[in-house]
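What follows draws every value from the coordinates through simple rules; no lab data is involved. All of these numbers come straight from a predicted model, not from anything done at the bench.
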Amino acid sequence: MKKTQQTSAATSKTSQQKSSTTRQRQTPRTKKQIGISLLKRRNGTHLVEMEKAMGWQSHSVRSFLATTAKIIPDFKLASEKHSGRPRRYRLLPVQEA
């Protein structure tokens, strides 16, 4: 009985390790990837969110936004400002004409 319990426990640990490595592959690894994933969200992101997620200061995040708009060919950077709320930035797919 103990062998069966140990085997099932070992199997569950192995499956947990596999699922955690799968999750790690899906999560962004670099700060650039983190920033791009935030920008691709449906509602986009604002500077403070990016500062916290990337660990950068606001001038560095703004520089990232300026350069990202140039280096990602299939997307364009859009910004929206609603009264009383911080400016939000998003990457929108470029529609082919």
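How many of the residues making up region 45-67 are polar (S, T, N, Q) and over 15 Å from Ser79 (Cα atoms)?
Initially, region 45-67 is screened for residues polar (S, T, N, Q), giving 45, 57-58, 60, 63, 67.
Retained after the next criterion (residues that are over 15 Å from Ser79 (Cα atoms)): 57-58, 60.
Adding up the residues that qualify gives 3.
Can you find, within region 77-97, the residue that is farthest from the chain's Cα centre (by Cα) among those that are closer than 17 Å to Lys40 by Cα and hydroxyl-bearing (Ser, Thr, Tyr)?
Ser79
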